[in-house]
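Every number in this text was worked out from the coordinates using simple rules, so none of it is lab data. Model, not experiment: these values are computed from the prediction. Heads up, the Cβs are rebuilt from the backbone with ideal geometry, glycines too, and the neighbour counts pull from every protein chain shown.
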């Protein structure tokens with residue numbers, strides 16, 4: 001199924017993607033109609049390409065070409081493989097919720113162990129009644145495709161005032177090779193609640209698969225939330241994820257993303273500060289090697305006055321890999337006293353590595369403090385020599401300096417246990433460097 | 001066998017010859033001072049011994065315990081027992097001093113085929129060594145040299161020297177940027193580490209440092225060569241009469 005072909009009028013081939021999956025897509029007849037509509041939007045637009053400004057550096061038509069057929073529901077063997085992968089990924093003490101090839105796996109999950117203040121349903125259950133979760137304001141083709149094809153996801157609601165002592169960890173496991181999976185989840189966090197949500201993406205033996213995920217998050221006033229996403233998919237996979245986050249008043253929201261896998265990945269986050277007095281800390285690390293392409297695109301929308309946003313991003317790019325960071329800060333006309341800062345730094349480990357950093361400020365208010373900075377460079381030879389003169393071989397000296405470089409973003413994670421987990425993933429990435 | 005033998009060493013940097021046939025022999029346990037005016041090649045010599053890139057050796061050789069040092073990578077030289085105390089130790093933000101010390105010590109031990117230190121054993125050793133050198137524990141928790149004063153940076157170099165137990169220490173202008181108190185503390189550290197098995201090469205512009213670290217042999221360098229060698233009294237002579245006489249000799 002070549003999407004470029006679809007654009008030239010031979011749409012029938014693309015429609016196979018939908019019609020062949022339709023029987024397996026959950027939802028009432030109304031929901032199916034919504035899906036069909038979303039799919040038509042996707043068909044009309046096709047996969048994003050470089051002539052669409054937001055996708056300029058990540059031309060999915062050129063990089064991916066086609067959307068693979070929907071993965072079959074996991075069988076017993078797949079679930080067995082997934083169980084082993086879950087064990088390897090699990091954060092000590094966290095409540096696990098597991099999606100295998102886009103389908104919720106109850107037996108691998110800790111639903112019964114969830115705190116009583118946490119409401120839980122699957123997307124599948126929700127769609128029996130209502131198509132609401134498939135609707136977003138976005139006109140992005142990948143989001144439309146996700147709405148059309150989403151097989152499952154988690155619908156979580158955290159009650160007002162809930163103080164969750166352990167993280168909720170959503171683990172996406174891919175077991176099906178050369179197939180695609182589509183998930184969509186919602187997390188509604190109540191007023192004054194305190195919660196940590198971790199998302200992990202990994203493969204259990206699968207190769208060359210495609211992941212499309214969407215997460216809709218709402219945060220009530222006075223809440224304190226940490227949201228950590230760790231994408232460590234197979235090196236030949238595709239992962240396209242969209243986050244929609246709406247933040248209330250006096251909230252502390254701490255987001256961290258780390259990309260250590262996938263041949264092609266894009267995380268696009270749309271974060272709206274909709275209540276006054278909130279503090280957003282959004283940070284990330286891209287660790288890329290071989291020919292990997294990793295794109296983090298973040299739009300932070302200051303819709304109201306008196307909010308603070310801080311973004312610290314680090315990219316480490318080896319071989320012929322390509323890192324993209326696009327960060328846009330929008331300050332609406334009413335959003336006076338906005339304080340928004342963004343710092344992007346890329347470390348190029350090879351002459352053929354590529355970094356595209358695109359910070360953008362769109363400021364419509366006149367009493368604000370906003371700034372951004374972007375740098376790209378190689379490891380400092382003087383620091384390397386100092387370490388080598390103390391006995392560290394080249395690779396080990398580089399590893400120490402790389403860890404220090406990404407440390408500034410990783411140290412924004414407040415929880416010691418989680419931070420160690422993230423450092424562990426970064427260390428394994430360093431060990432994979434040839 | 002001499003510990004370090006530099007024979008007729010010729011070194012270029014970007015097409016310009018800096019060392020034109022330098023010869024120097026250091027035996028176990030000796031303290032040598034290398035003095036000379038700016039631009040005489042003192043620091044170049046220390047960098048070439050440590051293996052810093054950017055220098056082209058066009059002639060001569062350097063033997064360390066009889067082995068060809070120039071064939072070794074910087075980290076191999078370190079593991080064999082060569083230690084360069086930097087004139088300007090670099091700051092490495094984000095790398096905790098403790099992590100750096102443990103990684104470096106274990107890398108050297110591994111290269112020598114020795115067992116690596118466990119974390120508790122390492123901590124014990126660092127505490128002992130830093131205590132004997134009066135180095136406060138909180139310095140070890142900070143990033144390597146980050147926010148350190150000139151004196152603290154030099155003490156960190158001395159701490160590494162004590163921890164790695166090299167057989168040859170080259171101190172490159174360790175007095176630069178230090179006030180007299182800091183200099184005394186750093187020099188005391190160096191003196192405490194001097195032993196019959198460990199040689200020191202003290203590179204300095206001024207005689208001042210040699211009041212604290214007393215050399216067995218003093219060499220005067222000028223224009224890329226050693227132009228005169230003698231006992232410690234040579235340093236005093238230099239202090240009185242300056243380098244000009246030797247510049248003519250070169």
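Key figures for this structure:
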read-out: Convex hull per residue volume in Å³, alpha carbons only, for segment A:15-174; value: 155 Å³
read-out: Global form of segment A:197-239, assessed from the alpha-carbon gyration tensor, a/c cut-off 1.5; value: prolate
read-out: Cα-based Rg of segment A:97-148 normalised by 2.2 N^0.38 Å, two decimals; value: 1.39
read-out: Inter-part distance where segment A:141-168 and segment A:368-405 are each reduced to a Cα centre, Å; value: 37 Å
read-out: Between segment B:39-93 and segment A:36-93, the Cα center-to-center distance that results, in Å; value: 52 Å
read-out: Inter-chain shielding of B:89-96 (mean C-beta neighbours from other protein chains, 10 Å cut-off); value: 6
read-out: Cα long-axis angle, helix B:180-193 against chain B (0 to 90 degrees, to the nearest 10); value: 80 degrees
read-out: Cα-based equivalent ellipsoid, segment A:62-119: semi-axes from gyration tensor eigenvalues, Å; value: 27, 14, 13
read-out: Global form of chain A, assessed from the alpha-carbon gyration tensor, a/c cut-off 1.5; value: rounded
read-out: Distance between modelled label sites at residue B:91 and residue A:20, nm, 7 Å Cα→Cβ extension; value: 5.9 nm
read-out: Average beta-carbon neighbours from other chains, 10 Å sphere, peptide A:378-388; value: 6
read-out: Relative contact order (%) - criterion: Cα under 8 Å, at least six apart; region: chain A; value: 10 percent
read-out: Under the Debye formula (equal points on every Cα, no solvent term), log10 I(q)/I(0) of segment A:129-271 at q = 0.11, 0.16 Å⁻¹; value: -0.41, -0.84
read-out: Where a label projected 7 Å from the Cα of residue B:58 along Cα→Cβ would reach, residues of segment B:207-250 with amide N under 16 Å; value: B:223-225
read-out: Likely footprinting exposure, B:114, A:40, fewest C-beta neighbours within 10 Å first; value: B:114, A:40
read-out: Cα gyration tensor shape for segment B:4-249, rounded if a/c is under 1.5, else prolate or oblate; value: prolate
read-out: Principal axis dimensions, largest first and in whole angstrom, of segment B:18-59 by Cα; value: 30, 22, 17
read-out: Whole-Å semi-axes of the ellipsoid equivalent to segment A:214-312 (Cα gyration tensor, √5λ, descending); value: 28, 11, 11
read-out: Calculated log₁₀ intensity ratio I(q)/I(0) where the Debye formula runs over C-alpha points of segment B:28-117, q = 0.14, 0.24 Å⁻¹; value: -0.66, -1.38
read-out: Relative contact order computed over segment A:80-213 (Cα-Cα under 8 Å; 6+ residues apart), in percent; value: 31 percent
read-out: Neighbouring partner chain Cβ atoms per residue of B:102-111, average, 10 Å criterion; value: 4
read-out: All-pairs Cα distance distribution in segment A:303-434, expressed in whole percent, bin size 10 Å; value: 12, 32, 31, 17, 7, 1
read-out: Gap separating the Cα centres of segment A:308-352 and segment A:179-215, nearest whole Å; value: 23 Å
read-out: Cα long-axis angle, helix B:150-164 against chain B (0 to 90 degrees, to the nearest 10); value: 80 degrees
